[in-house]
Amino acid sequence: MNVRDIAEFCTEFPDDSIEDERGFVRYPGLGVAEALAQMFRDMGFQVPAPEGEAELGWVLDVHVGKRRYWFRLSDLGDRVILVSRDTTRYGPTPGDIGHGELLGRLDAAMKADGRFSDVGWYTEAEYQRAREAPDRARRKMPLSLRLQMAARAVVLFGIALLFLVLAVVEFGNALMASEDGHMRIAGMHALACVSSIVACLWGLPRVVMWLDTKGL
């Protein structure tokens with residue numbers, strides 16, 4: 001049976017990080033980790049002081065009889081992630097407090113503590129699906145917006161194609177005028193050709209950028 005060994009929750013703990021001009025001196029989450037450690041101690045288990053793992057968060061080693069459980073807490077600001085693993089070298093034996101039972105006790109203690117809220121437990125696969133769902137929702141563009149962007153792309157493509165056709169025509173006119181010896185007229189057609197290319201390759205992208213800034 002898969003154990004839901006990943007928790008996501010919110011807390012009322014203040015930000016306890018410490019920063020200086022070079023960055024974090026202490027990463028956030030120590031207060032939450034110490035509160036969880038005390039919950040385990042109140043259950044009668046041995047828990048050394050939390051150890052920091054820089055940006056990864058804080059680690060707890062919980063000694064439950066002969067079994068060892070590892071926890072890593074990551075304070076992300078708007079939510080906290082708690083990952084746990086059974087690191088005991090042998091399988092469960094009669095009388096052991098298993099991983100699932102331990103997490104059940106922790107869940108009850110957290111929900112009884114007013115500083116914790118929105119506590120949810122997941123297997124790794126469930127957690128990945130839960131995190132991907134909002135991303136997919138954000139990526140799903142409304143139909144009206146997709147139609148608007150498609151229409152804009154068609155119009156811009158048409159304008160770009162028009163500039164390129166004009167450049168080809170003016171280039172041909174410049175060649176014919178030069179062959180007839182009308183160099184001034186050839187120069188005017190050549191200038192029109194270059195202007196069309198510049199408008200297509202330089203001007204049109206800037207128009208697109210301007211439209212994006214206006215949300216059009």
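The values are calculated or read from the model by the stated rules, or taken from the named source; none is laboratory data. Predicted model only: the values in this text are computed from it and were never measured. Methodologically, a virtual Cβ is constructed for each residue, glycine included, from the backbone with ideal geometry; neighbour enumeration extends over all protein chains shown. Protein only, heavy atoms only, side chains kept; ligands, DNA and RNA dropped before computing areas. Shrake-Rupley method; radii C 1.70, N 1.55, O 1.52, S 1.80 Å.
Assorted remarks:
- Converting phi to 3J(HN,Hα) with the Karplus coefficients 6.51, -1.76 and 1.60 and the offset θ = phi - 60°, region 191-201 yields 5, 5, 4, 5, 4, 5, 5, 5, 4, 6, 8 Hz in sequence order, with x at every glycine or proline.
- Under the convention that each Lys and Arg Cβ holds +1 and each Asp and Glu Cβ holds -1, the size of the dipole of the chain around its Cα centre is about 740 debye.
- Cα convex hull of region 78-120 - mean projected area over all directions, nm²: 3.8 nm²
- With DNA, RNA and ligands ignored, accessible area of H182 (1.4 Å probe; Å², nearest 10): 100 Å²
- Treating r as the C-beta distance of D16 and K111 and R0 as 25 Å, the FRET efficiency rounds to 0.65.
- One chain, two ends: V59 and H182. Fully extended at 0.36 nm per residue, the span grows by 36.0 nm beyond their Cα-Cα distance.
- Derived scalar couplings between HN and Hα for region 19-30 equal 10, 10, 5, 9, x, 6, 8, 9, 6, x, x, 4 Hz in order, rounded to whole Hz, by the Karplus curve 6.51 cos²θ - 1.76 cosθ + 1.60 (θ = phi - 60°), x for Gly and Pro.
- Once the mean of 1/r is taken over each pair of separate Cα atoms and inverted, the chain shows a Kirkwood hydrodynamic radius of 23.2 Å.
- Here's the picture: a label point sits 7 Å out from the Cα of T123 along the beta-carbon direction, and within region 70-101 the residues with their amide nitrogen under 15 Å of it are 100.
- Sequence of I97, I185 when ordered by accessible area, the most exposed leading, probe 1.4 angstrom: I185, I97
- Every helix of 4 or more DSSP H residues in the chain counts as -39500 (n - 2.57), and over all residues that averages to -16500 deg cm²/dmol at 222 nm.
- Value of Rg to Rh for region 1-121, rounded to two decimals, is 0.98; Kirkwood radius and Rg both from alpha-carbon coordinates.
- Solvent-accessible surface ranking, highest first, for D78, D61 at 1.4 angstrom: D78, D61
- Apportionment of accessible area to carbon and sulfur, region 1-131, percent (1.4 Å): 48 percent
- Surface accessible to a 1.4 Å probe, C200 within the full protein complex, Å²: 20 Å²
- Crossing angle, helix 204-213 versus the chain [Cα axis fit, 0-90 degrees, rounded to tens]: 40 degrees
- Relative contact order for the chain, counting Cα pairs under 8 Å that sit 6 or more residues apart, in percent: 17 percent
- Tensor-based shape of region 44-101 (alpha-carbon gyration tensor, a/c under 1.5 rounded, otherwise prolate or oblate): prolate
- Here the simple spin-label model places points 7 Å from the Cα toward Cβ, and for L162 and R79 these points are separated by 4.9 nm.
- Lys/Arg +1, Asp/Glu -1 at C-beta; the chain dipole; positive extreme among I81, H182, G65: H182
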